[in-house]
Each structure stands twice: as C-alpha cells, then as structure tokens.
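What follows is a short report on a single structure.
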C-alpha cells in the first residue's frame with residue numbers, strides 16, 4: 001500500500017514510518033522539517049511543508065492509497081478531506097484522544113478537560129468533519145501517550161469508556177495501532193479506543209465484539 005504519513009517528524013510519526021516500511025508499505029512523509037527524518041528509516045519520498053497548506057497536501061497525495069495522520073487538528077482535517085476528495089484518495093486514519101468521548105472517571109476527566117478544553121474541543125470538531133465526509137475514515141482514540149518502549153501489544157475497544165488496558169500507551173504501540181487500523185477494512189467508518197495492554201496478548205481491534 002502507498003501511505004502518506006502526516007506529521008512524520010513527530011514522536012509518533014517516526015514510529016509510524018518505521019512500522020509501515022517494515023511491513024512493506026511504500027511511505028511518503030509530510031513534515032514541516034523533513035531534515036528531522038534523516039535518521040528515520042523507511043521513507044520512500046519526503047514532502048516538506050505544512051499540512052494546512054492545500055497545495056502542499058495535494059502534492060503529497062499524488063498516487064497515494066491511504067493517509068495516516070500522526071497529528072490531528074480540525075485545520076489539518078479540513079484541508080486534508082477536501083484534497084483527498086479532489087485526488088480520489090478515500091482511506092484515512094486520524095488520531096484523537098479517549099478523553100473526547102469518555103465519561104469516567106468524572107473527576108479526572110473534569111480536570112483534564114479544564115486544562116485541555118481547547119485541544120479536545122478541536123479534536124471533537126475534527127472527528128465530526130471525518131464522520132460526515134463520505135470518505136473511508138477511521139478514528140483512533142488514544143489514552144495518555146508516553147515515550148515508553150515498543151511492546152507490540154495494545155488493548156482496543158469500541159466503547160466510550162475503556163473496557164480494560166493500561167491508561168499509559170507508548171507512542172510506538174500507538175503507531176502500530178494506527179497502522180493496524182489502516183490495513184483493516186473492517187475498521188472503515190469506525191472509531192476505536194486504544195490503551196496500553198496489561199497482558200501478554202496483543203488484542204487487536206478486529207477481534208473485539210461489535
């Protein structure tokens with residue numbers, strides 16, 4: 001698959017590029033500072049620019065099969081969805097936060113929303129844009145991201161509140177979950193929550209009850 005990774009120079013994006021290349025995908029990266037990718041193996045092509053610039057995004061989408069964003073905002077989503085429709089690229093996976101839809105623990109969520117209200121409200125807007133876009137979208141909502149080691153294990157579910165797993169999720173494992181999602185057609189037009197795994201078993205989204 002030919003995959004465009006947006007935000008490839010970031011801490012999650014770097015893992016995503018490596019995972020995708022390791023699975024045999026052809027990866028194009030879009031980043032503001034592409035020189036930061038010099039030590040990240042796996043990029044087939046590098047596009048320099050801002051993901052909120054329509055011309056840059058249109059150029060990066062050329063001949064792509066799918067898009068995975070390692071960073072998500074409503075500004076990026078707005079430009080990306082229009083450019084994807086124009087380019088005929090349908091598959092897109094976007095990141096989000098579990099806190100956007102979670103309802104408990106109430107006190108913790110209230111404090112988190114108090115601090116990050118603007119960011120979460122923007123993610124909610126981005127999710128709404130995706131859900132009404134008509135494209136083959138997936139939303140992957142993460143718990144708290146860390147720079148912990150790659151374990152190859154995550155917990156996934158489709159409920160508003162997490163049904164298990166660890167609230168800590170390494171960026172390397174989150175990148176794996178984003179890539180798992182783009183490869184799985186059963187995840188089209190679905191939102192999935194991802195947390196760190198507490199057990200030795202890799203619990204994939206495809207095996208969860210619907």
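The values are calculated or read from the model by the stated rules, or taken from the named source; none is laboratory data. Only a predicted model underlies this, so the values are computations on that prediction, with no experimental measurement involved. Cβ atoms come from the backbone with ideal geometry, glycine included; neighbour counts cover every protein chain shown.
Quick notes on this structure:
- The range 146-161: number of residues that are buried (at least 18 other Cβ atoms within 10 Å of the Cβ) and in contact with a helix residue (DSSP H, G or I) (Cβ under 9 Å, 6 or more places away or on another chain): 4
- Pairs, first touching a residue at least 40 places away in the same chain (Cβ under 8 Å) and on the phi > 0 side of the Ramachandran plot in the range 1-20, second buried (at least 24 other Cβ atoms within 10 Å of the Cβ) and part of a helix (DSSP H, G or I), C-beta under 7 Å, six or more apart: 7/13
- Number of the exception - residue 184 against (1) touching a helix residue (DSSP H, G or I) at 6+ places or on another chain (Cβ under 7 Å); (2) surrounded by 22 or more Cβ atoms within 10 Å (Cβ to Cβ); (3) at pLDDT 95 or above: (2)
- The range 64-94, residues that are touching a strand residue (DSSP E or B) at 6+ places or on another chain (Cβ under 6 Å) and modelled with pLDDT of 95 or more: 64, 65, 66, 67, 68, 69, 90, 91, 92, 93, 94
- Of the strands (runs of 3 or more DSSP E) lying entirely inside the range 109-202, those containing at least 3 residues that are under 26 Å from residue 81 (Cα atoms) are 136-142, 190-196.
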